[in-house]
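The structure appears right after this line, and notes come after that.
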There are 2 protein chains.
Amino acid sequence: MKVFIVFAHPELKSFNGSFMKATVEHLEKKGHEVRVSDLYREHFKCVVDEKDFLNFKDGDRLKVAFQSYLANSEGKLTEDVYRTQANLAWADLVIFQFPLWWYTMPAILKGWFERVYTCGYAYGVGVHDETHYGDRFGEGVMEGKKAILAVTVGGSKTHYSPRGINGPIDHILFPITHNILYYPGFTVLPSHITYETDKAGDKEFNDSLNAFLNTLDNIDTVVPIAFRRQNFGDYEMSSLQLKEGLEQPNETGFDIHIKK
Amino acid sequence: MKVFIVFAHPELKSFNGSFMKATVEHLEKKGHEVRVSDLYREHFKCVVDEKDFLNFKDGDRLKVAFQSYLANSEGKLTEDVYRTQANLAWADLVIFQFPLWWYTMPAILKGWFERVYTCGYAYGVGVHDETHYGDRFGEGVMEGKKAILAVTVGGSKTHYSPRGINGPIDHILFPITHNILYYPGFTVLPSHITYETDKAGDKEFNDSLNAFLNTLDNIDTVVPIAFRRQNFGDYEMSSLQLKEGLEQPNETGFDIHIKK
């Protein structure tokens, strides 16, 4: 398969860096093709501004989504964004590997999504009418591709458990897994989380790595997160609220958007 | 009072820009002192790397939290971070104003937290023993200060309602309100949300602005989000799981960390 790894850590000698390099080596040995976008080494521009839109007219008011749409439709995005979109088009599987910093992805990766996910490409796509509210949440440009997060966490697993003070890890990641990855149509696999990486020795590193490589080796058997598709009957149009009674008893919040 | 506004939008002529400027004008007219950090116009560096730590030795392995701690304790952070920390020390109220991009803050603001929230300052502070797990979640450097998010959202309110497809807005913002603001001790006020800002005319702008200014004029009467303090009996030490029975019946996820 074709694997695109988007890597966001400042230090290649880190747990994350070693993990990424070992993943690449393993995948290539198994005959897969791998491309890596190493955002720190590439100095990936991670702030959206008017320079991202080559048809922006100086002095105009910058409306980000609108300008993104114009640049997208007129072929006036920047070379780094086109190159990244080509890597996404090429890939069967995209791995996003990053440390959880302040309970979400690092800024450099957040800005990557802001710039690469242009309007008319990742959002603002498809018919909006009384039966269909855009190609999103189960449809879109990433349909047929898989995505997985490989995340390192400094804190303890219990702090991210269902009653843990940080909130459950699946809820902390939901704005990424559901709202960023599932949104343009990725099939999202359960995230690979390594806790307490600051204290990890060789054993902890190898245990985590081997579990991840095992997932990759058996990727076709991994059951994706069962997010509900938007346009196929589960949601009221166009309030996009889940129809009454579809959730489990007492289920609330993010959880109702995952089929049990 | 002393108000520090951290503003993250590329366009000053935007809804956000006009909103921020009108807020400053109003507060100053009422006799308050205001400082603004306009992250885009300041070209605020928003990627954490070794250049943030003036005592980092070239060739060393960068361990971000550890190096942050060393630079923090040895006075080797950068001038922009010290200036920002001084503004935070000065403020009674901090307003974070930004558009919700891909369901969280813009990268430039995320990176602001990564750089300004140094180790030994915003985290890694206080005793860690069997009764106290650091000064955090209700204690810390921001204790006694208020914070509020002023957020604009492109989508419809129903999409962010309890059954809305994006997830409830309070849950989407919890990783910020609880895990970033409450963490170092801010008293966090309910977020001010404006929906469908791309379609907003003068009336919608003024309605939202006036509601926000009314909140600011009556800030002492605004009831903060009742997040539970970490070190005062509600959590098991040191698994930091909420003690059984403290939540409401059938309450799960992020909600259990808010007292009813």
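Could you grab the pairs with beta carbons closer than 7 Å, sequence gap of 6+ or different chains, first residue in the stretch B:231-260 and at the interface with chain A (Cβ under 7 Å from one of its Cβ atoms), second one modelled with pLDDT under 95 and surrounded by fewer than 17 Cβ atoms within 10 Å (Cβ to Cβ)?
Once the first residue is at the interface with chain A (Cβ under 7 Å from one of its Cβ atoms) and sits in the stretch B:231-260, its partners that are modelled with pLDDT under 95 and surrounded by fewer than 17 Cβ atoms within 10 Å (Cβ to Cβ) give B:Asn250/A:Asn250.
Do you know which residues across the stretch A:158-209 are within 9 Å of chain B (Cβ to nearest Cβ), in a helix (DSSP H, G or I), over 19 Å from A:Ile258 (Cβ atoms) and touching a strand residue (DSSP E or B) at 6+ places or on another chain (Cβ under 7 Å)?
A:Thr158
Among the candidates B:Asp234, B:Asp207, which residue alone is crowded, with 16+ Cβ neighbours inside 10 Å and not aliphatic (A, V, I, L, M)?
Step by step, each of B:Asp234, B:Asp207 is checked, and only B:Asp234 is crowded, with 16+ Cβ neighbours inside 10 Å and not aliphatic (A, V, I, L, M).
Return the only residue of A:Phe56, A:Phe96, A:Phe113 being farther than 30 Å from B:His171 by Cβ and either within 12 Å of another protein chain (Cβ to nearest Cβ) or touching a residue at least 24 places away in the same chain (Cβ under 8 Å) (or both).
Going through A:Phe56, A:Phe96, A:Phe113 in turn, just one is farther than 30 Å from B:His171 by Cβ and either within 12 Å of another protein chain (Cβ to nearest Cβ) or touching a residue at least 24 places away in the same chain (Cβ under 8 Å) (or both): A:Phe56.
Report, by residue number, each residue of the stretch B:210-260 that is under 23 Å from B:Ile176 (Cβ atoms) and among the aliphatic types (A, V, I, L, M).
B:Ala211, B:Leu213, B:Leu216, B:Ile219, B:Val222, B:Val223, B:Ile225, B:Ala226, B:Leu240, B:Leu242, B:Ile256, B:Ile258, listed by residue number.
Does B:Val94 meet the test of being over 19 Å from the mean Cα position of the chain (by Cα), on the phi < 0 side of the Ramachandran plot and of a type in the set (Val, Ile, Thr)?
So B:Val94 fails the test.
The rows are residues; the columns are (1) farther than 18 Å from B:Leu209 by Cβ; (2) surrounded by fewer than 21 Cβ atoms within 10 Å (Cβ to Cβ); (3) of a type in the set (Val, Ile, Thr); (4) more than 21 Å from the chain's Cα centre (by Cα).
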{"residue": "B:Glu33", "(1), (2), (3), (4)": "yes, yes, no, no"}
{"residue": "B:Glu42", "(1), (2), (3), (4)": "yes, yes, no, no"}
{"residue": "B:Cys46", "(1), (2), (3), (4)": "yes, no, no, no"}
{"residue": "B:Glu50", "(1), (2), (3), (4)": "yes, yes, no, yes"}
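Could you say which residue among B:Ala107, B:Ala91 is within 26 Å of B:Asn231 (Cα to Cα), crowded, with 18+ Cβ neighbours inside 10 Å and among the small types (Gly, Ala, Ser)?
Only one candidate passes the filter, namely B:Ala91.
Looking at (1) in contact with a strand residue (DSSP E or B) (Cβ under 6 Å, 6 or more places away or on another chain); (2) within 14 Å of chain B (Cβ to nearest Cβ); (3) over 28 Å from A:Glu25 (Cα atoms), can you tell me which one A:Ala226 breaks?
(2) is the only condition that A:Ala226 fails.
Residues in the stretch A:1-19: is at least one surrounded by fewer than 21 Cβ atoms within 10 Å (Cβ to Cβ), assigned to a helix (DSSP H, G or I) and touching a His at 6+ places or on another chain (Cβ under 9 Å)?
Taking every residue of the stretch A:1-19 in turn, at least one turns out to be surrounded by fewer than 21 Cβ atoms within 10 Å (Cβ to Cβ), assigned to a helix (DSSP H, G or I) and touching a His at 6+ places or on another chain (Cβ under 9 Å).
Of everything in the stretch A:126-157, what is surrounded by fewer than 18 Cβ atoms within 10 Å (Cβ to Cβ) and more than 11 Å from every other protein chain (Cβ to nearest Cβ)? Give them in sequence order.
Residues satisfying the conditions are A:Gly126, A:Val127, A:His128, A:Asp129, A:Glu130, A:Thr131, A:His132, A:Glu143, A:Gly144.
Can you tell me which residues in the stretch A:154-188 are of a type in the set (Val, Ile, Thr) and within 20 Å of B:Pro168 (Cα to Cα)?
A:Ile165, A:Ile169, A:Ile172, A:Ile176, A:Thr177, A:Ile180 - these are the residues of the stretch A:154-188 that are of a type in the set (Val, Ile, Thr) and within 20 Å of B:Pro168 (Cα to Cα).
Considering only the stretch A:115-137, state which residues are more than 20 Å from A:Phe227 (Cβ to Cβ) and basic (Lys, Arg).
A:Arg115, the sole residue that qualifies.
The values are calculated or read from the model by the stated rules, or taken from the named source; none is laboratory data. Since the structure is predicted, the reported quantities are computational estimates derived from the model, not experimental observations. Virtual Cβ from ideal backbone geometry, glycine too; neighbours counted across all protein chains shown.
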